[in-house]
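Structure, as structure tokens:
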Amino acid sequence: MAAIRVLVVDDSAFMRKFISDIINNEHDMKVVGSARNGQIALDKIRELNP
């Protein structure tokens, strides 16, 4: 089964890294990108297809 592709969105760089590390430690999930706000997230959703 393919890994679940995740886009992490938070205004705090620390929290984006923290959440990404947790997700990347799961065998069935993969962080494909991150964004600091909703507008950037919408752009990255179109680009990365999480």
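The numbers here are math on the coordinates, done by the rules we state, and not lab data. Source: prediction; values computed, not measured. As a convention, Cβ positions derive from the backbone with ideal geometry for all residues, glycine included, and neighbour counts pool all protein chains shown.
Looking only at residues of the range 1-24 that are in a helix (DSSP H, G or I) and of a type in the set (Lys, Arg), we find that the one that is surrounded by the fewest Cβ atoms within 10 Å (Cβ to Cβ) is LYS17.
Go through the range 25-42 and count every residue that is in a helix (DSSP H, G or I) and surrounded by 12 or more Cβ atoms within 10 Å (Cβ to Cβ). Show your work before the answer.
Pass one, the range 25-42, residues in a helix (DSSP H, G or I): 38-42.
Still in the running and surrounded by 12 or more Cβ atoms within 10 Å (Cβ to Cβ): 40-42.
Of the residues in that region, 3 qualify.
Residues in the range 1-18 that are over 8 Å from the mean Cα position of the chain (by Cα), within 21 Å of ARG46 (Cβ to Cβ) and of a type in the set (A, V, I, L, M, F, W, C): ALA2, ALA3, ILE4.
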